[in-house]
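What follows is a single structure, and I will ask about it in a moment.
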Amino acid sequence: MKLAEALIERKAAKEKIARLRERLVENARVQEGDAPSEDPQTLLAQLDAAIRELRALTIRINATNITAPIVAGERATLMEAIAERDMLALKRAAIHDVANAGKINKERGYMITRSEIKFRPTIDVAALEKQVDALAKEYRELDTRIQTRNFEVEVVQETRDLIGL
């Protein structure tokens, strides 16, 4: 199974667990004399099985990400690329927020207040906007490499040797 397929299965497993959880909550209590529409014990067993399946799949996905290179023949792994992509997104969002906070425009009322206090930016908004654009581009390019690799890499089948379980 390719990594992309495993990721799709993991998402489906999480959705199944969420649905089982909702059904359990709906059937956890009934009016005296009534019966639940579904047996909570059966649902709990299904939830337990679904969580075990998700755990096994998550371990295989993570083991694959740790061992698979982002580019064949290189040392950098998919896990490192994913961490880098996440940090790019975090940095882009933070710089975007700072740039927006420094913008002065009349529609937002930041130019002059009722008490005639003038505000001015303490940062170079244009430079930050360029940095945001560059980070967004870097993110997209790295994400494309990760997604491409997800369709090339086979998921690790046996993880016991990798993690010592």
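The values are calculated or read from the model by the stated rules, or taken from the named source; none is laboratory data. Keep in mind the model is a prediction, meaning the values are calculated, not measured. Reconstructed Cβ throughout: ideal geometry from the backbone, glycine too, with neighbour counts over all protein chains shown. We work out accessible area using only protein heavy atoms, side chains counted, and drop any ligands, DNA or RNA first. Shrake-Rupley method; radii C 1.70, N 1.55, O 1.52, S 1.80 Å.
Under a plain spin-label model, where a point goes 7 Å from the Cα along Cα-to-Cβ, how far apart in nm are VAL98 and GLU84?
In this crude label model, VAL98 to GLU84 measures out at 2.2 nm.
Over the chain, with a Gaussian network built from C-alpha contacts below 10 Å, which listed residue (ALA127, ALA81, ALA56) shows the highest mean-square fluctuation?
ALA127
Under a 5 Å amide H to amide H cut-off, with H placed in plane at 1.01 Å, what residues pair with VAL156 once short-range neighbours are removed?
For VAL156, the qualifying residues are THR64.
For THR77, what residues show an amide H to amide H distance below 5 Å, using hydrogens built from the backbone and excluding near sequence neighbours?
Amide H to amide H, under 5 Å and 5 or more residues apart or across chains, THR77 pairs with ILE70.
Now for a different question. Roll a 1.4 Å probe over the protein chains and send me the accessible area per residue for the chain in Å².
Value returned for the chain: 72 Å² of accessible area per residue.
Student exercise: in the chain, how many lysine pairs 8 or more apart or on different chains have Cα atoms under 15 Å apart?
6
Using only the alpha carbons, work out the radius of gyration and Dmax of the chain in angstrom.
For the chain, the Cα-based Rg and Dmax read 24.6, 70 Å.
³J(HN,Hα) across region 95-103 via Karplus (A = 6.51, B = -1.76, C = 1.60, θ = phi - 60°), whole Hz, x for Gly/Pro?
Listing the rounded values in order: 5, 4, 4, 5, 4, 5, 5, x, 6 Hz.
Would you kindly derive the ³J(HN,Hα) couplings of region 61-72 from the backbone phi angles with the Karplus curve 6.51 cos²θ - 1.76 cosθ + 1.60 (θ = phi - 60°), listing them in order in whole Hz, with x for Gly and Pro?
Here the 3J(HN,Hα) series is 4, 5, 4, 5, 4, 6, 9, 7, x, 5, 10, 3 Hz.
A further question follows. Taking Cα pairs under 8 Å and at least six residues apart, what relative contact order does the chain come out at, in percent?
Contact order relative to length: 31 percent.
Quick one: go through region 85-103 and flag any residue whose amide nitrogen is under 17 Å from the point 7 Å out along the Cα-to-Cβ line of ALA126.
Answer for region 85-103: 99-100, 102-103.
Right, here's the next one. For n ≥ 4 DSSP H runs only, could you compute -39500 (n - 2.57) per run for the chain, divide by its residues and tell me the 222 nm figure to the nearest 500?
The per-residue figure over the chain is -22500 deg cm²/dmol.
Between THR64, THR148, THR77, where does the largest GNM mean-square fluctuation fall for the chain, given springs only between Cα atoms within less than 10 Å?
THR148
Using each residue's phi in region 74-84, evaluate 6.51 cos²θ - 1.76 cosθ + 1.60 at θ = phi - 60° and report the 3J(HN,Hα) Karplus result to the nearest Hz, with x for Gly and Pro.
9, 7, 5, 9, 4, 4, 5, 5, 5, 4, 5
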